Amino acid sequence: MPLPYTEVSHYEASIAIAKQVGAFQLQADKDHRGALGMSPAKEHLVLADDQFELAKIMAASGNPRALLFLERAQSDVDLALGLAREAAARPHRSAMNEGPWPSFK
């Protein structure tokens, strides 16, 4: 049972985008560290890769749940991309918070 071509292509394109935006190189900091000790974005990319590999193995053995693991992998890549965007915006937000205007905390 092969995995659907369109879903596999979407996953692979998402991984390529994650590489382009530097999600694999993000470093954890004291406030943003995942359970594995790396940045949350990178952690979700590692999980996505594991789930994609499991999906391929399950598909090769004819297990119908392979598609579920492919969908989980795609969800983790999507989340990693969102986390990478948030991490990229973080310095801009803190700079805006230090502007000449009063803080309303």
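Pairs meeting the criteria (first residue in the stretch 40-54 and at positive phi and in contact (Cβ under 8 Å) with a residue 12 or more places away in the chain, second residue surrounded by 21 or more Cβ atoms within 10 Å (Cβ to Cβ) and outside any helix (DSSP H, G or I), beta carbons under 7 Å, at least 6 apart or on different chains) are lacking.
Scanning the stretch 16-28 for residues that are part of a helix (DSSP H, G or I) and modelled with pLDDT of 80 or more yields A16, I17, A18, K19, Q20. Set side by side, the residues G37, G62 differ, and just one is at positive phi, modelled with pLDDT under 85 and surrounded by fewer than 11 Cβ atoms within 10 Å (Cβ to Cβ), which is G37.
Taking every residue in the stretch 67-82 that is within 14 Å of A16 (Cα to Cα) and among the hydroxyl-bearing types (S, T, Y) and pairing it with any residue that is modelled with pLDDT under 95 and surrounded by fewer than 22 Cβ atoms within 10 Å (Cβ to Cβ), at least 6 positions away or on another chain, yields no pair with a Cβ-Cβ distance below 6 Å.
Checked against (1) at pLDDT below 95; (2) in a helix (DSSP H, G or I), D31 passes all but condition (2).
One residue alone among A95, A55, A87 is assigned to a helix (DSSP H, G or I), of a type outside the set (D, E) and at pLDDT 80 or above, and that residue is A55.
The values are calculated or read from the model by the stated rules, or taken from the named source; none is laboratory data. Small disclaimer: the values here were computed from a predicted structure and weren't measured. Positions of Cβ are generated from backbone atoms using ideal geometry, with glycine treated the same way; all protein chains shown enter the neighbour counts.
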